[in-house]
Amino acid sequence: MKLDSDLQAIQEVRNCLQEARAAQKLLETMSQPQIDAIVAAMAHAAEQEAERLGALAVQETGFGKAADKKAKNLFVAKEVYSAMKDMQTVGIIRKDEARQVWDIAQPVGTIAAIIPSTNPTSTVLFKCMIALKARNAIVISPHPSALRCSQESAAVMRAAAESAGAPPGLIHCLSQPTLEASGELMRHKLTDLILATGGTAMVKAAYSSGKPAYGVGPGNVPVYIHRSAQIERAVRLILQSKTFDYGTICASEQALVVDESVKPALIEQLQRQGAYFLNVQEKANVAAILTVGKGMNPRIVGRSPQVIAAEAGITIPEETQVLIAEESHVGPEHPFSMEKLSPVLALYTVSGWQEGCQRCIELLTLGGLGHTLGIHAEEASVIEAFGLEKPASRIVVNTGTTFGGIGATTGIFPSMTLGCGTAGNNITSDNIGPQHLLNIKRVAFGIKEMPVAEPVRETPIPRPGSGSGSDAEPFARQMAESLASAHPLGITREEVAQIVRNVLAEMQRK
């Protein structure tokens, strides 16, 4: 019965969290060399198993290419590991001698990790490695359609960590990843932080759980090709990026926005390098299968152009690398303008960089706010304008957005989880790493004293004697002196004295 299975799934979550919490308390006592040895063993195991896990992911999900899944696993094992291996995550990690402040690293505790079906093995390897590097435990909720390959990836990480001295029970992967189980995992009192990679609904659920969460939004990535771009190179990089793993990385290109003056050269290079341009009828056929309801059609996500063409009932050359449709509108009713995690691109034509700027903003606003934008140009002023004005966290210049966004071909921190900032309703715009899975305590020494305020001296106000007329004049003059010295009024002493005389006279009349 479904009720029984739901209860079993929820109980599994609770058991995993209890084991993870106990193991994390032991991990927290380990030294930096011990932690580094554990993570090094995990990276080595990920490298050794990269090919097998990649093939398993394609076999189970049907998404992408086995060779590219392997490449993503190796990216985690090599590039991500290289970026974090010397990172200090234990004890005093920084001392600011000038300001006399010490930063002390503290793990956040137990992490709930939500894994997507499009990158099920590389994301598991990545999240396990960064979690343990920061001395955290991790409980993984895999996508149901990628259960086996995610579990196998977690098992590889757990075995490697424990062989290097990690406490047993730090890494868990749910065997019954139901919606109820994921909800329990995210809301449970033993969960300290959520690391969510997946669809918009899942990320929103993570932020609505009441727990601290790092979630990432969709990536409807536009790429602007300026008239100054090196067209042949730009096309080569774009196609290499867009066809990698059949477009399953959220930072992959979704729409090309080209200056009208270089459009003929761009189309020529695209066709020469394997792009197929859809005619009006073919475009309508493909558009009809790109979405289901308000989301992407899972039957075309991560599939080859040939599979997509067959699904749409059209015929394309066998050597086709990517399908392209010319488009002039942006909106939900125009499927080519939306995110397409597949080798399908929209092509927009603009009259210059200002119009290109506006078109890119429209595309990001439709579904990729805060994520990634690409630009191919040689004019520094145009690149700067795009960097300043676009609501994207990564402006990737003269490289493929897939590789540039994750930090494979740029100097951005290598990561499989890309924050979209507040524009994308995320808590960070960073590429996520171990540094985001730490609490930083600060020991701060007194380096100065607060100045002591000088006491305020009040000027005594003389009072008249018996109120007789004989007292009025001396009193008026004393008042004039006191007020003039204590509160400069911009009038003479004689004028003040006259005012006092008038007040005293009025008081005597009453």
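How many residues, within the stretch 203-239, are at pLDDT 95 or above and touching a Cys at 6+ places or on another chain (Cβ under 7 Å)?
Qualifying residue count, the stretch 203-239: 2.
Tell me, please, whether a residue that is of a type outside the set (Asp, Glu), touching a strand residue (DSSP E or B) at 6+ places or on another chain (Cβ under 6 Å) and in contact (Cβ under 8 Å) with a residue 12 or more places away in the chain can be found in the stretch 48-59.
no
Can you find a residue that is open to solvent by 40 Å² or more (accessible area, probe 1.4 Å), assigned to a loop (DSSP other than H, G, I, E, B) and touching a Leu at 6+ places or on another chain (Cβ under 6 Å) anywhere in the stretch 267-276?
Within the stretch 267-276 (the criterion being open to solvent by 40 Å² or more (accessible area, probe 1.4 Å), assigned to a loop (DSSP other than H, G, I, E, B) and touching a Leu at 6+ places or on another chain (Cβ under 6 Å)), the answer is yes, since at least one residue qualifies.
Conditions tested, residue by residue: (1) in contact with a helix residue (DSSP H, G or I) (Cβ under 6 Å, 6 or more places away or on another chain); (2) within 19 Å of VAL301 (Cβ to Cβ); (3) modelled with pLDDT of 95 or more.
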{"site": "ILE130", "(1), (2), (3)": "yes, no, yes"}
{"site": "THR178", "(1), (2), (3)": "yes, no, no"}
{"site": "ASP192", "(1), (2), (3)": "no, no, yes"}
{"site": "ALA201", "(1), (2), (3)": "no, yes, no"}
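Counting residues that are open to solvent by less than 50 Å² (accessible area, probe 1.4 Å) and over 28 Å from GLY62 (Cβ atoms), which strands (runs of 3 or more DSSP E) fully inside the stretch 122-239 reach at least 1?
Working: elements: 137-141, 171-173, 193-196, 213-215, 221-225.
By residue number, 137-141, 193-196, 213-215, 221-225.
Let me spell it out: the conditions are (1) within 20 Å of GLN240 (Cβ to Cβ); (2) assigned to a loop (DSSP other than H, G, I, E, B); (3) not acidic (Asp, Glu), and HIS329 meets all of them except one. Which number is the exception?
Of everything listed in (1) within 20 Å of GLN240 (Cβ to Cβ); (2) assigned to a loop (DSSP other than H, G, I, E, B); (3) not acidic (Asp, Glu), HIS329 misses just condition (1).
Which pairs have Cβ atoms under 7 Å, sit 6 or more apart or on different chains, and link a residue in the stretch 364-390 that is within 17 Å of LYS242 (Cα to Cα) to one that is assigned to a strand (DSSP E or B) and acidic (Asp, Glu)?
Within 7 Å, the pairs are GLY374/GLU253.
Please indicate, with yes or no, whether at least one residue in the stretch 294-303 is on the phi > 0 side of the Ramachandran plot, surrounded by 14 or more Cβ atoms within 10 Å (Cβ to Cβ), touching a residue at least 60 places away in the same chain (Cβ under 8 Å) and touching a Phe, Trp or Tyr at 6+ places or on another chain (Cβ under 7 Å).
Within the stretch 294-303 (the criterion being on the phi > 0 side of the Ramachandran plot, surrounded by 14 or more Cβ atoms within 10 Å (Cβ to Cβ), touching a residue at least 60 places away in the same chain (Cβ under 8 Å) and touching a Phe, Trp or Tyr at 6+ places or on another chain (Cβ under 7 Å)), the answer is yes, since at least one residue qualifies.
Can you name the residue in the stretch 76-97 that is touching a helix residue (DSSP H, G or I) at 6+ places or on another chain (Cβ under 7 Å) and among the hydrophobic types (A, V, I, L, M, F, W, C) and is also surrounded by the fewest Cβ atoms within 10 Å (Cβ to Cβ) among such residues?
Selected residue: MET87.
Conditions first: (1) within 29 Å of the chain's Cα centre (by Cα); (2) surrounded by fewer than 20 Cβ atoms within 10 Å (Cβ to Cβ). MET30 passes all but one, so which condition is the exception?
(1)
For the stretch 277-293, which residues satisfy the criterion of being part of a helix (DSSP H, G or I) and crowded, with 18+ Cβ neighbours inside 10 Å?
So in the stretch 277-293, the residues part of a helix (DSSP H, G or I) come out as 280-290.
Within the stretch 277-293, GLU282, LYS283, VAL286, ALA287, LEU290 meet the criteria.
The values are calculated or read from the model by the stated rules, or taken from the named source; none is laboratory data. Given the structure is predicted, the values throughout are model-derived calculations rather than measurements. Virtual Cβ from ideal backbone geometry, glycine too; neighbours counted across all protein chains shown. Keep in mind that these areas ignore ligands, DNA and RNA; they rest on the heavy atoms of the full protein, side chains included. Shrake-Rupley method; radii C 1.70, N 1.55, O 1.52, S 1.80 Å.
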